[in-house]
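One structure below.
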Amino acid sequence: VRFTILLLCVSFQVIPTLVSTADSAEPNSMVVEQETRTFRASVDGRERGRLVMLFTKRDDGTETVRGDAELNFNFVLYRYRYTSIGTETWKDGRLIRLASESNYNGDKYVLQATATQESLEYEVNGAAQRTATESLITTHWREPTPDKIGRKLTLLDSDKGQQRNGTLEKVGIEKTMVADKEINVTHYRLRGDVEV
């Protein structure tokens, strides 16, 4: 089975989400940049779902990404559905707030997180946990800062709240096709508890 994500469109629209608890903007901050990316997920050429990501930058230095994903697999004897909706807020390269709700074919997860000076305190389905934020990364939507290269990092699954360890490597600059255009991209690799 081959899994492919294709870029559908880039627009400048606000996408409504179900998770509203993570809008961390200060009351007086203003949006300075906003972008929506919509992706289609296909398996063996058949559309199986979508992902919509809304990126927002504000004049107080915060960056927010809201994701809304859904995948459906219907086979003769097997049916699987995945949904995830959530928001991450970053400032100065540090995760300061996270909220998500996900459903893995009936297994539901609700994650709420807030950063303190030295850690990220979070709850998964009401169970309290914490992790250091210095070496924390959550998703792959932003390019890592140079200080993360070659270091052992804590990876936080932003759906289930599970922690993994991995080392980040910078592979190099490569060319890839995006919307029928060849562009340069930076290739990174995570090795350890996960291989990404």
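The values are calculated or read from the model by the stated rules, or taken from the named source; none is laboratory data. Bear in mind that the values here come from a model prediction, so they are computed numbers and not experimental data. For neighbour counting, all protein chains shown are included, and Cβ atoms are generated from backbone atoms with ideal geometry for every residue, glycine included. Heads up: the accessible areas ignore ligands, DNA and RNA and are worked out on the full protein's heavy atoms, side chains in. Shrake-Rupley method; radii C 1.70, N 1.55, O 1.52, S 1.80 Å.
Test each condition in (1) under 28 Å from D60 (Cβ atoms); (2) within 16 Å of the chain's Cα centre (by Cα) for T116 and report the one that comes out false.
(2)
Kindly list, by first and then second residue, each pair from a residue in the stretch 47-64 that is open to solvent by 30 Å² or more (accessible area, probe 1.4 Å) to a residue that is not in a strand (DSSP E or B), limited to pairs with Cβ atoms under 6 Å and residues at least 6 apart or on different chains.
These pairs meet every condition: R58/A25; R58/S29; D59/S29; D59/M30; D60/E26; D60/S29.
Output the number of the condition that R142 fails; it satisfies all remaining conditions of (1) open to solvent by 80 Å² or more (accessible area, probe 1.4 Å); (2) in a loop (DSSP other than H, G, I, E, B); (3) among the charged types (D, E, K, R).
Among (1) open to solvent by 80 Å² or more (accessible area, probe 1.4 Å); (2) in a loop (DSSP other than H, G, I, E, B); (3) among the charged types (D, E, K, R), R142 violates only (1).
Yes or no: R164 of a type in the set (K, R), touching a residue at least 12 places away in the same chain (Cβ under 8 Å) and more than 30 Å from S42 (Cα to Cα)?
no
Can you say whether Y122 is closer than 20 Å to A41 by Cβ, aromatic (F, W, Y), modelled with pLDDT of 90 or more and over 13 Å from the mean Cα position of the chain (by Cα), as far as the supplied structure shows?
On the way: closer than 20 Å to A41 by Cβ: no; aromatic (F, W, Y): yes; modelled with pLDDT of 90 or more: yes; over 13 Å from the mean Cα position of the chain (by Cα): yes.
Considered against the rule, which asks whether it is closer than 20 Å to A41 by Cβ, aromatic (F, W, Y), modelled with pLDDT of 90 or more and over 13 Å from the mean Cα position of the chain (by Cα), Y122 comes out as no.
Being open to solvent by less than 70 Å² (accessible area, probe 1.4 Å), β-branched (V, I, T) and modelled with pLDDT of 85 or more is the requirement here; does I15 meet it?
Spelling it out, it is not the case that I15 is open to solvent by less than 70 Å² (accessible area, probe 1.4 Å), β-branched (V, I, T) and modelled with pLDDT of 85 or more.
Filter the stretch 180-196 for residues that are in contact (Cβ under 8 Å) with a residue 12 or more places away in the chain and assigned to a strand (DSSP E or B); which is most open to solvent (accessible area, probe 1.4 Å)?
The residue in question is R191.
Residues to consider are S29, S42, S102; find the one that is touching a strand residue (DSSP E or B) at 6+ places or on another chain (Cβ under 8 Å), part of a loop (DSSP other than H, G, I, E, B) and either open to solvent by 50 Å² or more (accessible area, probe 1.4 Å) or free of Cβ contacts under 8 Å to residues at least 60 places away in the same chain (or both).
Values: S42 fails: part of a loop (DSSP other than H, G, I, E, B); S102 fails: part of a loop (DSSP other than H, G, I, E, B).
None of the other options fit; the residue is S29.
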